[in-house]
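First the structure, in the form of structure tokens, and then the observations on it.
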Amino acid sequence: MPLVSMRQLLDEAAKGGYGVGAFNVNNMEQIQAIMEAARDTKSPVIIQASRGARAYSQDLFLYHLMLAASGLYPEIPLVMHLDHGNSFETCKSAIDLGFTSVMMDGSLKEDGKTPATFEENVAVTKAVVDLAHKHGVTVEGEIGVLGGIEDGHGAGGSGLEHVTDPAQAVEFVARTGVDALAIAIGTSHGAYKFSSKPDGSVLKMDVLMEIHKRLPNVHLVMHGSSSVPKDLQDVINQYGGKLKPTWGVPVEEIQLGIRNGVRKINVDTDNRLAITGAIRKVFTETPEKFDPRDYMKPARDAMKKVVAQRMTQFGQAGHAGDYAPISIEEMKKRYAAQAATAK
Ligand code: G3H
Ligand code: 13P
Ligand code: ZN
């Protein structure tokens, strides 16, 4: 099956009342782990690549790996999404390459860490929407800013400084026409999100619910949504790693989000932890081994296990065969018709 539109995947998720995990990749093994988990759980899939991933793998390698995935797993609807595009040009280059969905993260300036003004965010996001929709490509925007700077995306701080203002979210959607909206509710990227199990004082699920109340038909996106489970931390530390105690976003909070309009859930860190733990285990227990397959295979299996678990917890499991994919050509026509009636 060809790569499909994220808009369609999220519309279907809204109809079915479930969420779809969006998993970050940088290499073949991560793509394989996700596709195997999707096949086992019969899940539709969003695979996303950051700017860092595109630079690490090179665009063409990534793109052809994605085409291979769609060819080898024809029963799985598969979206190729750009994560945290930092400028119009970055989004354009992804659209030119064949990504079927892009995130324009205009909540930050092009440097990925300085908060942008509301007007700057609206202007760059609207420009990307106009271009992307002409190509049938989905757009995710972001309003409010995530905390942390662990991985280069975020304004630093605790994550509570730039929590999304629900009234601004409404105006942002109306002025930009985004297909999906990422909001900031106190999470940050990476392993160190919270210093204890988060409650309502640091994880603002009340804000999420208010946004959903005001924008009941908008697909909400939760970033920084790894759960950072203790068992994955323990494997790393048991085999020589040095992670400090930390807490992520509990799965039950994500599930509450899904009941309140969250359709896309971004997860990267949990998979990084699973991969690193599995590799450390092989290195520690069998230091005589040096064939990369001896540790890449357990690493891939460990990631597959986490992804399959999330697909089940988010509710996307079992939904891969629910619908026939709408072609990107057809999406172009739909967006054009929408734009014509809006005039
Ligand atoms: O947005 C954050 C993702 O975890 C991607 O991180 O920029 O290190 O590839 P990255
Ligand atoms: P985590 O670091 O919590 O996995 O978040 C990933 C993310 O939001 C990618 O955009
Ligand atoms: Zn993110």
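The values are calculated or read from the model by the stated rules, or taken from the named source; none is laboratory data. Just so it is clear, the model here is predicted, and its values are computed rather than measured. Positions of Cβ are backbone-derived with ideal geometry, glycine not excepted, and every protein chain shown enters the neighbour counts. SASA here: full protein model, heavy atoms, side chains in, ligands and nucleic acids out. Shrake-Rupley method; radii C 1.70, N 1.55, O 1.52, S 1.80 Å.
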How about the range 1-37: which of its residues are touching a Phe, Trp or Tyr at 6+ places or on another chain (Cβ under 7 Å) and either buried (at least 24 other Cβ atoms within 10 Å of the Cβ) or closer than 20 Å to Asp268 by Cα (or both)? Tyr18, Gly19, Val20, Gly21, Asn26, Ile34, Met35
Scan of the range 124-160 for residues that are of a type in the set (S, T, N, Q) and either buried (at least 21 other Cβ atoms within 10 Å of the Cβ) or modelled with pLDDT of 95 or more (or both), ordered by number: Thr125, Thr138
Checking Val228, Val221 in turn, the sole residue that is outside any loop (DSSP other than H, G, I, E, B), within 16 Å of ligand 3 (Cβ to nearest atom), touching a strand residue (DSSP E or B) at 6+ places or on another chain (Cβ under 8 Å) and open to solvent by less than 20 Å² (accessible area, probe 1.4 Å) turns out to be Val221
Would you call Asp199 assigned to a helix (DSSP H, G or I), out of contact with any strand residue (DSSP E or B) (no Cβ under 7 Å at 6 or more places or on another chain) and more than 16 Å from ligand 3 (Cβ to nearest atom)? no
From the list Val79, Val102, exactly one residue is open to solvent by less than 40 Å² (accessible area, probe 1.4 Å) and in contact with a Cys (Cβ under 8 Å, 6 or more places away or on another chain). Which is it? Val102
Can you name the condition, by its number, that Glu288 falls short on among (1) open to solvent by 50 Å² or more (accessible area, probe 1.4 Å); (2) among the acidic types (Asp, Glu); (3) in contact (Cβ under 8 Å) with a residue 60 or more places away in the chain? (3)
In the range 31-85, how many are among the polar types (S, T, N, Q), over 16 Å from the mean Cα position of the chain (by Cα) and either in a strand (DSSP E or B) or within 12 Å of ligand 1 (Cβ to nearest atom) (or both)? 1
Of the residues Lys113, Lys134, which is within 16 Å of ligand 2 (Cβ to nearest atom) and over 18 Å from the mean Cα position of the chain (by Cα)? Lys113
Filter the range 322-342 for residues that are over 13 Å from Asp11 (Cβ atoms), open to solvent by less than 70 Å² (accessible area, probe 1.4 Å) and of a type in the set (Val, Ile, Thr) and give the result. Ile328
